[in-house]
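Below is one structure, written out as structure tokens; comments come after it.
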Amino acid sequence: MKSGTVILYHGDSGDRWYDKLIEGATHSPYEHCGIFVAAADLKFDPACGTSDVGYVMQSEGPFPPTREHHGGVVCKTWEHERNTRQWMDARQP
């Protein structure tokens, strides 16, 4: 997979209410997205772990946001995403 590939996430039967709201309001099966970055394209080791394949950069945080926790962009290894997400699609640049 190439850097810049958009990863689209579709929920499952355990979706939260706002995931269903996003899918319904956008008339899309997807509720979340991330961007893949190939490990070979990085010049440093990210703090999210080590991957031979790559990483997914995505937004994450509590919903609704709180005064203490606003969320932000997080880095997760590709292996983590493959093992913890049930439904994903990829769109290469």
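The values are calculated or read from the model by the stated rules, or taken from the named source; none is laboratory data. Here the structure is a predicted model, which is why all the values come from computation and not from measurement. No Cβ is skipped: glycine too gets one built from the backbone with ideal geometry, and neighbour counts run over all protein chains shown. Surface areas here come from the heavy atoms of the whole protein model, side chains and all, with no ligands, DNA or RNA. Shrake-Rupley method; radii C 1.70, N 1.55, O 1.52, S 1.80 Å.
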Exercise. Would you mind working out the accessible area per residue for region 22-93, using a 1.4 Å probe, and quoting it in Å²?
Key: 71 Å²
Quiz item: What number in nm² do you get for the chain if you take the convex hull of its Cα atoms and divide its surface by four?
Solution: 7.0 nm²
Exercise. Can you check what the net charge comes to around SER59, using other residues whose Cβ is under 13 Å from the Cβ of SER59 (Lys, Arg +1; Asp, Glu -1)?
Key: -1
Practice problem: With 10 Å bins from zero, work out the P(r) of region 25-67 over every alpha carbon pair and list the percent per bin. | Solution: 21, 37, 27, 15
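Pulled fully out, how much extra length does the chain show between THR50 and HIS80, if you take 0.36 nm times their separation in residues and subtract their Cα-Cα distance? Before the final figure, lay out each step's value.
On the way: separation 30, 0.36 × 30 = 10.80 nm, distance 1.05 nm.
This chain segment gains 9.7 nm when fully extended.
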Self-check item: Percentage, to the nearest whole number, of Cα pairs in region 39-93 over 17 Å apart
Solution: 49 percent
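Which sequence of ILE22, ILE35 reflects their accessible areas, 1.4 Å probe, from the largest down? Don't jump to the answer; show the numbers that get you there.
Working: ILE22 65, ILE35 90 Å².
Descending order: ILE35, ILE22.
Multiply the residue separation of LYS2 and VAL73 by 0.36 nm, subtract the distance between their alpha-carbon atoms, and state the gained length in nm to one decimal.
Working: separation 71, 0.36 × 71 = 25.56 nm, distance 1.99 nm.
Result: 23.6 nm gained on full extension.
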Practice problem: Between HIS32, HIS69, HIS80, find the one with the highest GNM mean-square fluctuation for the chain; connect C-alpha pairs within less than 10 Å. | Solution: HIS69
Practice problem: Just name one of SER3, TRP78, LEU21: the one whose Cα is farthest towards the positive end of the charge dipole of the chain (beta-carbon charges, Lys/Arg +1, Asp/Glu -1). | Solution: SER3
Quiz item: For the chain, which cysteines have no disulfide-compatible partner, meaning no other cysteine Cβ under 4.7 Å?
Solution: CYS33
